[in-house]
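The structure that follows is given in the form of structure tokens.
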Amino acid sequence: MNKLNIEPLQVEKASLVIRDNKEGENEDGILLIISGEIDMRDPSVAILPYLLNIHDALIAHEIKTISVDFSNLNYVNSSGIKTMISWLMKSKDVQSGKGYKVKIIRNGDIAWQESTFPVIQKLFPDVVTFAEE
Amino acid sequence: MQKESKIYVELKFGPKWTYISTVRTFVEDFMTITLEDKKKATSIAMAVNELIENAVKFSDLEGSELNIYVTKERKIIKVIVTNHASQQDIDDLQKCLRELFGSPPLDAYMKRMKDSAVSPDGKSTLGLARIRYECKAEIHTNIENGMVSITAEIPTEKWGVDHE
């Protein structure tokens, strides 16, 4: 079990797993691995509560960085993007000093990741960074 | 007019969510063979997915139609999705489209991202904004007798992210 005590989530073709991140600069960080496909009708019901649970736990544990590994997320529909934005807006709303950064691990071979993530980063320049590829 | 294209798909299906990923996978395979470029094929399949999701969400009758035409020299992919919709949904769509086309693609896409996150009804047209920006698509609509046709004309050469 990870330090946030959050179980994995499997919903339709999508899988979300939390792990403690032991690598490099993020020794105190958390790694969220999102894989499969997010193409369900309403991810705001299926997935957003899980992400908000992670948000609350990050704040409670005063963790400053979460890495999110999307490298095996093959597809996300616009409702899935909406769900990610809802989460990122929540992290942006946290009072300064108490928030956390979201480091995106992406896969340049997957078309949607190449075209969608730069727009998300542009929308949340203070929150979202990219891991080196 | 469309039959001038020798490469095409015409598909009619009941408005059921469970068919959407199957159609997306089929289109991706079809486009991979046609364009010999897996990433472009995946992007076109994404556009098809977004359009038929809208059709399934808002169709009030059976029988949504998907038509894909590849123009000569494979330079434009024309995706047309047609469904029947209620007058209320048509009015909502027209309002959203006016807002969408009132801004450049990236601005409209970013605004839709923010607005959709606080919109409970799922009628944000984020999918259309996504196709318009990410696929560099021209979007056209035709509304007649309760039938809504949305056309995305996707150029296969002008690809990638704008560095605006």
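Read the figures in this text as sums done on the coordinates, not as results from a lab. No experiment lies behind these values; they were computed from the predicted model shown. Virtual Cβ from ideal backbone geometry, glycine too; neighbours counted across all protein chains shown.
Report, in debye and to the nearest 20, how large the dipole of segment B:105-144 comes out about its Cα centre when Lys and Arg carry +1 and Asp and Glu carry -1 on their Cβ.
For this selection, approximately 160 debye.
In whole Hz, what ³J(HN,Hα) sequence does segment B:41-53 give by Karplus (6.51, -1.76, 1.60; θ = phi - 60°), x for Gly and Pro?
Taking θ as phi minus 60°, the curve returns 4, 5, 5, 5, 4, 4, 4, 4, 4, 5, 5, 6, 4 Hz for segment B:41-53.
Treating only the Cβ of Lys, Arg, Asp and Glu as charged (+1, +1, -1, -1), what charge dipole size does chain A show about its Cα centre? Round to the nearest 20 debye.
360 debye
Taking 8 Å as the Cα distance limit and 6 or more residues as the minimum spacing, I'd like the relative contact order of segment A:16-133 as a percentage.
25 percent
For the protein assembly as shown, give the share of DSSP beta bridges that are antiparallel, in percent and rounded to the nearest 5; count only bridges with both residues there.
75 percent
I've got another one for you. Can you work out ³J(HN,Hα) from phi for every residue in segment A:117-123, in order, using Karplus 6.51 cos²θ - 1.76 cosθ + 1.60 and θ = phi - 60°, giving whole Hz and x for Gly and Pro?
Result, rounded to whole Hz: 4, x, 6, 5, 5, 5, 6.
OK, next. Given B:95/B:136; A:64/A:90; B:16/B:57; B:12/B:40, which pairs have Cα atoms separated by over 20 Å?
Going by Cα-Cα distance, B:95/B:136; B:12/B:40 fall outside the 20 Å limit.
What is the extension gain from residue A:126 to residue A:59, computed as 0.36 nm multiplied by their sequence separation minus the C-alpha to C-alpha distance, in nm to one decimal?
Contour length minus Cα-Cα distance gives 22.4 nm.
Give me the Kirkwood hydrodynamic radius of segment B:7-155, using the inverse of the mean 1/r over all pairs of distinct Cα atoms, in Å to one decimal.
For segment B:7-155, inverting the mean 1/r across all distinct Cα pairs yields 15.5 Å.
Related question: Contact order normalised by length for chain B, with contacts defined as Cα pairs under 8 Å and 6 or more residues apart; what percent is it?
Contact order relative to length: 22 percent.
Using the Cβ atoms and a cut-off under 10 Å, what net charge is assigned to the surroundings of residue B:99, where Lys and Arg are +1 and Asp and Glu are -1?
So the environment of residue B:99 carries a net charge of +3.
Sticking with this structure for a sec: Dipole magnitude of the protein assembly as shown about its Cα centre, charges +1 at Lys/Arg Cβ and -1 at Asp/Glu Cβ only, in debye to the nearest 20?
Its charge dipole is roughly 240 debye.
Additional query: Counting other Cβ atoms within 10 Å, which GluC sites (Glu not before Pro) in segment B:19-51 have at most 13 and lie in a DSSP loop?
Those satisfying the criteria are B:36.
How many partner chain Cβ atoms sit within 10 Å of a residue's Cβ in peptide B:125-137, on average, as a whole number?
Average per residue, whole number: 3.
Still on this structure: As an exercise, identify the trypsin sites (Lys or Arg not before Pro) in segment B:36-94 lying in DSSP coil whose Cβ has no more than 13 other Cβ atoms within 10 Å.
Counting only loop positions with at most 13 other Cβ atoms within 10 Å, the trypsin sites (Lys or Arg not before Pro) in segment B:36-94 are B:75.
Can I ask one more? How much net charge surrounds residue A:97 when only the other residues with a Cβ under 15 Å from the Cβ of residue A:97 are counted, with Lys and Arg +1 and Asp and Glu -1?
Within the 15 Å Cβ shell, the charges total +1.
Give me a single rounded figure for B:109-120: the average over its residues of other chain Cβ atoms within 10 Å of their Cβ.
That average works out to 5.
Tell me whether the protein assembly as shown comes out rounded, prolate or oblate; compute the Cα gyration tensor, take square roots of the eigenvalues as a ≥ b ≥ c, and use a/c under 1.5 as the rounded threshold.
It is prolate, given that a/c is not under 1.5 and a/b is the larger ratio.
Please compute the alpha carbon radius of gyration of segment A:9-130, then divide it by the globular-protein estimate 2.2 N^0.38 Å. Two decimals is fine.
Scaled against compact globular proteins, the figure is 0.99.
Within a 10 angstrom radius of each residue's Cβ in B:21-28, how many Cβ atoms of other chains show up on average? Whole number is fine.
Average neighbour count from other chains, rounded to a whole number: 2.
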